[in-house]
Amino acid sequence: MVSAPVENSDPREAQGRAPGLSVRALQDRVTDFARELSEQWPAIPDSLGLPAPRPEAEVGKALVYTINRFCAAQGETFSIDRLSENIETLAADALYRVRAYRNMVAEGTFETAFQPIMDIDGTATHHFEALVRFGRTKLDCSPFEFITFAEQVGLIHEFDIAMCRKVLDFLVEKAAAGRHYMVAVNLSADSLANVSFMAGLSNLLSRYEAVRDQLIFEVTESAKIEDLASVNAFIQSLRGKGHMVCLDDFGSGAAAFQYLQALEVDVVKIDGGYVKSAGATAEGKLFLKAMAGLLQELGIATIAEMVEDQEHLAVVRDCGIGFAQGYVFGRPSTDIGAFMPPSEETYLRRAERMRIG
């Protein structure tokens, strides 16, 4: 429904729209669609062991996400009328995305690829990072877009639980065959700030006592951590139960050093941008060396990510980094055995911590 313009309306409502539709009318349409979506909203999968949230809150965030994507795509051609014409399609898209997301999480129809983290000489694998791949899902997006969507809509903790469960099942399967890998999974800062997630993860880990010490957690900087004290308390509970914890993509966000001060971790993975800079300029190398020195003084092990070739590897070795990850050791593969011959598949257990320096 398109309403007639209202005389003496707020002039700000006229910005970015063609004559004939008020912002208030658009708000009414969005509200109506939000109510309809709430009635059709897919429930959180029971298998995750997480409490059911209020659908209204998720509907609002999902609509904001899809509307923002539409506005960004329109650019200078955006208008309120055009947004109103597409709002029904955008609402349907929000419902589709969340339904596809929750179906994927419930059914585990995503794949896990692995990439090795090697000592700086490239002679021994310490552990692998588990990376998500969407080969069999209906989510037509990159892993980065997927994580962004899940964080902005408030669903990322569901995937983090599902990913942990998939990796733990993998570790159980391999342990039965006599192969004891250590594998790192990423946890969003949003998940670590979610009380339901904390309880759900603790409950999940309690069911995998035989292999849980082979699971490492990487805390990502993709979302801002508000309550650092609570997140650190949870991190310490994980470390106390035998898990190594890594601060991922260190330096990529504005709060990196604030996190380093507030969060007690075993390992820091230095963002690939610093690795590239160290290989390109003398200043970049000095900066990486200073960063590595600080972390060594703090007793924190270091991993350089995005190490692409032997030249990069030589640079990070010279800077004092202890471990490396990147194409120089192999691209991610769904076959974890692809990186080393079966006879050499002996990987360090939790008791053998990463050496510092």
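Counting only helices (runs of 4 or more DSSP H) that sit completely within the stretch 129-226, those holding 1 or more residues that are surrounded by fewer than 19 Cβ atoms within 10 Å (Cβ to Cβ) and out of contact with any Pro (no Cβ under 7 Å at 6 or more places or on another chain) correspond to 143-153, 156-176, 195-206.
When the stretch 109-123 is filtered for residues that are of a type in the set (A, V, I, L, M, F, W, C), outside any strand (DSSP E or B) and under 17 Å from residue 159 (Cα atoms), only 110 remains. Residue 307: assigned to a loop (DSSP other than H, G, I, E, B) and buried (at least 17 other Cβ atoms within 10 Å of the Cβ), yes or no? Considered against the rule, which asks whether it is assigned to a loop (DSSP other than H, G, I, E, B) and buried (at least 17 other Cβ atoms within 10 Å of the Cβ), residue 307 comes out as yes. Does the stretch 136-150 contain at least one residue that is polar (S, T, N, Q) and closer than 21 Å to residue 250 by Cα? Yes, the stretch 136-150 contains at least one residue that is polar (S, T, N, Q) and closer than 21 Å to residue 250 by Cα. Every condition in (1) within 19 Å of residue 243 (Cβ to Cβ); (2) surrounded by 12 or more Cβ atoms within 10 Å (Cβ to Cβ); (3) among the hydrophobic types (A, V, I, L, M, F, W, C); (4) at pLDDT below 80 is met by residue 351 except one, and the failing one is (2).
Check 137, 123 and return the single one that is modelled with pLDDT under 90 and closer than 25 Å to residue 328 by Cβ.
Details: 137 fails: closer than 25 Å to residue 328 by Cβ.
Sole residue among the options that is modelled with pLDDT under 90 and closer than 25 Å to residue 328 by Cβ: 123.
Determine which single condition residue 71 fails, assuming it passes every other condition in (1) more than 17 Å from residue 26 (Cα to Cα); (2) surrounded by fewer than 16 Cβ atoms within 10 Å (Cβ to Cβ). So the condition that residue 71 fails would be (1).
Reported count of residues in the stretch 25-57, each being crowded, with 19+ Cβ neighbours inside 10 Å and part of a loop (DSSP other than H, G, I, E, B), is 3.
The values are calculated or read from the model by the stated rules, or taken from the named source; none is laboratory data. Computed from a predicted structure; not experimentally measured. In this analysis, Cβ positions are derived from the backbone assuming ideal geometry, glycine residues included, and neighbour counts consider all displayed protein chains.
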